[in-house]
1. Of the residues Asn136, Asn112, Asn85, which single one is in contact with an Asp or Glu (Cβ under 7 Å, 6 or more places away or on another chain), over 14 Å from Leu54 (Cα atoms) and not hydrophobic (A, V, I, L, M, F, W, C)?
2. When the residues of the stretch 26-38 are narrowed to those that are open to solvent by 70 Å² or more (accessible area, probe 1.4 Å) and farther than 16 Å from Thr84 by Cα, which ends up modelled with the highest pLDDT?
3. Among the helices (runs of 4 or more DSSP H) lying completely within the stretch 39-155, list those that include at least 3 residues that are in contact (Cβ under 8 Å) with a residue 12 or more places away in the chain, loosely packed, with under 12 Cβ neighbours inside 10 Å and within 15 Å of the chain's Cα centre (by Cα).
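The values are calculated or read from the model by the stated rules, or taken from the named source; none is laboratory data. Since the structure is predicted, the reported quantities are computational estimates derived from the model, not experimental observations. Note that we place each Cβ from the backbone using ideal geometry, even for glycine, and neighbour counts take in every protein chain shown. Only protein heavy atoms, including side chains, enter the accessible area calculation; ligands, DNA and RNA are left aside. Shrake-Rupley method; radii C 1.70, N 1.55, O 1.52, S 1.80 Å.
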Amino acid sequence: MRIPPRLALSFLILFSLGISEARAQMPCPKETLTQGKCKIESLKVEERTIRQVLNTIAYEYGVPIGLEVAVSDDIARTISFSATNSSLTEVLDLIAQKDPSYTWEYRDGVINFYPKSEFRDTILFNLLETRIKTFNVRKRLSRLELRKSLTEILK
């Protein structure tokens, strides 16, 4: 059986990302998330950004993770670590230790990874804290117009 070139290339890219798992991981049930008992059997991270690491954890363990990027975030900054038989809580604490501008919390069924107060965008913070009942966007509204409209709402 011949493997199509695109499929072979996809596997090559996946294996060269620098994040390796000892074996396939099982998704974390919601009950284990709320109790902080989700187990990470083996995770090795080599020179990956926080976005890449959190994306891998979210995908491999079926964990919903939100990331708010710090104002001072250097998108090229990478972290490296290894975790074996650790809880998800321990791994998230380790990631936050590797980049001290971030912290995290579990709220409303989602792990929220966000900047500490001195590293937060105040407009974005206020927007995220605003509760919205309904939201409609007119067609062909530019991102700049949308941001301006949202900023006016927050005043």
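1. After applying the criteria, what remains is Asn85.
2. For the stretch 26-38, the residue satisfying everything is Pro27.
3. none
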